[in-house]
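Worksheet: the structure to be examined is printed underneath.
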Amino acid sequence: MRQAILGLAALALSAGAALADPVLGTWKTEVDDGAYAHVRMRECGAKICGHIVRTFKDGGEYESENIGKMLVRQMEPRGGGHYRGRVWRPSNNRVYIGKIDLQGEDRLKLRGCVAGGLICAKQTWTRVN
């Protein structure tokens, strides 16, 4: 009986991992105004959000005032590795229309857009874990 319960628990855990959104995890941003960050993407209800968990500048880690702040906001999965929501740019403290396209398992294209999504600044993020 104990083995059956353990087997069912293992099956449930593996099913949950298989259903996890592939964008979840920690990602390294590109350099913006001389600094970059690690952003942890997680579920926020039915959507995805990303908080800054580490910051780097001049070749080393530093304690930015932005640690803990939400960079990726209300990203809604649209299927096929595409997401739509909002992104915050710390260097100018503005929130933009956000678009994410997952490329494979370890790269994502993030865009912050204005003019209804017609003009976008782009970054490619790489997976940390």
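Here are the numbers for the structure shown:
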| read-out | value |
| --- | --- |
| Pairs, first in contact (Cβ under 8 Å) with a residue 24 or more places away in the chain and farther than 14 Å from L110 by Cα in the stretch 28-57, second among the acidic types (D, E) and surrounded by fewer than 18 Cβ atoms within 10 Å (Cβ to Cβ), C-beta under 8 Å, six or more apart | G34/D58; A46/E76; K47/E76 |
| Matching residues in the stretch 93-127 - criterion: being under 12 Å from the mean Cα position of the chain (by Cα) and more than 18 Å from D32 (Cα to Cα) | D101, L102, D106 |
| Within the stretch 68-124, tally of residues that are β-branched (V, I, T) and within 20 Å of T26 (Cβ to Cβ) | 4 |
| Lone qualifier among R54, R89, R94 - being in contact with a strand residue (DSSP E or B) (Cβ under 9 Å, 6 or more places away or on another chain) and at pLDDT 95 or above | R54 |
| Qualifying residue in the stretch 22-29 (condition: modelled with pLDDT under 95 and within 17 Å of the chain's Cα centre (by Cα)) | yes |
| Residue count, the stretch 87-105 (criterion: out of contact with any Ser or Thr (no Cβ under 9 Å at 6 or more places or on another chain), of a type outside the set (D, E) and surrounded by fewer than 17 Cβ atoms within 10 Å (Cβ to Cβ)) | 7 |
| Subset tally (residues that are in a strand (DSSP E or B), more than 19 Å from G85 (Cβ to Cβ) and either in contact with a Leu (Cβ under 6 Å, 6 or more places away or on another chain) or of a type in the set (D, E) (or both)) for the stretch 33-42 | 0 |
| Selection count where residues are out of contact with any Asp or Glu (no Cβ under 8 Å at 6 or more places or on another chain) and either basic (K, R) or assigned to a strand (DSSP E or B) (or both), scope the stretch 50-79 | 19 |
| Selection within the stretch 111-125 - in contact with a strand residue (DSSP E or B) (Cβ under 8 Å, 6 or more places away or on another chain) and free of Cβ contacts under 8 Å to residues at least 60 places away in the same chain | R111, G112, C113, V114, G116, G117, I119, C120, A121, K122 |
| Conditions (1) crowded, with 16+ Cβ neighbours inside 10 Å; (2) within 26 Å of D21 (Cα to Cα); (3) without any contact (Cβ under 8 Å) to a residue 40 or more places away in the chain: number failed by S64 | (2) |
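The values are calculated or read from the model by the stated rules, or taken from the named source; none is laboratory data. On a predicted model such as this, the values are computed, not experimentally measured, just so you know. Neighbour counts run over all protein chains shown; Cβ positions are idealised from the backbone, glycine included.
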